[in-house]
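Worksheet for the structure shown next.
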Amino acid sequence: MITTSLHNHSTWSDGGADVATMALAAKTAGLKTFGISDHWVMLPENRPFDIEWSIHPERLGCYFQECLEVKKQVETERFTMRIGVEVDFFPENWQENMAHLANYPLDYTIGAIHNLDGFPVDSSPEPWQALGQDGINDVWRKYWLRLKALAETKAFTIIAHFDLPKKFGFRPTVDLDSEITAALQAVRTSGAQLELNTAGWSKPCAEPYPSPSLLKRALALGIPILVTADAHAPKHVNRDFDKAAQLLDSLA
Ligand SMILES: [Zn+2]
Ligand SMILES: [Zn+2]
């Protein structure tokens, strides 16, 4: 039974419930370790901050303060709470960003790519529909290169939703195997854990991140896998964890 989930959101970013409600839901669901990891986006210089789904830049300290208070309330001998952030990776400023985060009582970081030089990868299908197949192929290629760069920083504890661009079902029609292989190898070298994010099963792509075939390749490389729910609501704190356990068993 999987009893840890470290990728979860609250109303500090785009989640639907406060930190305490999420933590108590995890406890009730039988999890032993629960992590809160709200979105943290620090945009590269000269871009105005208009990201509604991130902790506001001026409120990061308040986020940690609230998480520490909830931690005190909910922790028992059998239940541990950890405090993280899901960090958007930008090649231009990741070092500055990580140095900033180091000022806070952070247990772990989840490295993620939701935006590729202005293209929103997972917000809605419309930007994808507007691309055309060549554009779709380009986004995928760029995504794998960016993910490799993310892993090469060795700055993140966990690497988020490995094949996120598939979310709305827009697939590449070109062979990107060498890019994918390079990204997987960079993840292995980084020492980071790769999440098996169960939320993908409930998206149009109808499969976890990474897909079973990519998961199999990650396991073959010896990359440590961590099951996460990426929950944005209390009822999802361990969504499809049984399915994830079965999948991992089938690939072992
Ligand atoms: Zn994410
Ligand atoms: Zn997330």
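Please enumerate the residues belonging to the range 55-101 that are surrounded by fewer than 18 Cβ atoms within 10 Å (Cβ to Cβ), of a type in the set (S, T, N, Q) and farther than 30 Å from I2 by Cα.
Once the filter is applied, which keeps residues that are surrounded by fewer than 18 Cβ atoms within 10 Å (Cβ to Cβ), of a type in the set (S, T, N, Q) and farther than 30 Å from I2 by Cα, the range 55-101 yields N93, Q95.
In the range 102-116, which residues are in contact (Cβ under 8 Å) with a residue 12 or more places away in the chain and loosely packed, with under 14 Cβ neighbours inside 10 Å?
P105
Does any residue of the range 75-85 turn out to be modelled with pLDDT of 95 or more, assigned to a loop (DSSP other than H, G, I, E, B), within 16 Å of ligand 1 (Cβ to nearest atom) and closer than 22 Å to L226 by Cα?
No, the range 75-85 has no match at all.
Specify which of the listed residues (R239, R188, R217) is in a loop (DSSP other than H, G, I, E, B) and either modelled with pLDDT of 95 or more or more than 22 Å from D14 (Cβ to Cβ) (or both).
Selected residue: R239, the only one of R239, R188, R217 that is in a loop (DSSP other than H, G, I, E, B) and either modelled with pLDDT of 95 or more or more than 22 Å from D14 (Cβ to Cβ) (or both).
Taking only the range 11-48 into account, find how many residues are of a type in the set (S, T, Y), farther than 19 Å from T157 by Cβ and within 16 Å of ligand 2 (Cβ to nearest atom).
Within the range 11-48, residues that are of a type in the set (S, T, Y), farther than 19 Å from T157 by Cβ and within 16 Å of ligand 2 (Cβ to nearest atom) number 1.
Taking M1 and the conditions (1) hydrophobic (A, V, I, L, M, F, W, C); (2) farther than 29 Å from L248 by Cα; (3) modelled with pLDDT under 95, which numbered condition does it fall short on, given that it satisfies the others?
Of (1) hydrophobic (A, V, I, L, M, F, W, C); (2) farther than 29 Å from L248 by Cα; (3) modelled with pLDDT under 95, only one is false for M1: (2).
Can you tell me how many residues within the range 123-166 are within 13 Å of ligand 1 (Cβ to nearest atom), of a type outside the set (V, I, T) and either more than 22 Å from W201 (Cα to Cα) or not in a helix (DSSP H, G or I) (or both)?
Residues that pass the stated criteria total 7.
So is K154 away from ligand 2 (no atom under 16 Å from the Cβ) and either hydroxyl-bearing (S, T, Y) or modelled with pLDDT of 95 or more (or both) or not?
For K154, the condition - away from ligand 2 (no atom under 16 Å from the Cβ) and either hydroxyl-bearing (S, T, Y) or modelled with pLDDT of 95 or more (or both) - is met.
Within the range 25-42, count every residue that is over 17 Å from the mean Cα position of the chain (by Cα) and within 16 Å of ligand 1 (Cβ to nearest atom).
Result for the range 25-42: 0.
Please determine whether any residue of the range 223-231 is within 16 Å of ligand 1 (Cβ to nearest atom) and outside any strand (DSSP E or B).
Within the range 223-231, one or more residues are within 16 Å of ligand 1 (Cβ to nearest atom) and outside any strand (DSSP E or B).
The values are calculated or read from the model by the stated rules, or taken from the named source; none is laboratory data. This one's a predicted model, so the numbers in the text were calculated from it and none came from an experiment. Virtual Cβ from ideal backbone geometry, glycine too; neighbours counted across all protein chains shown.
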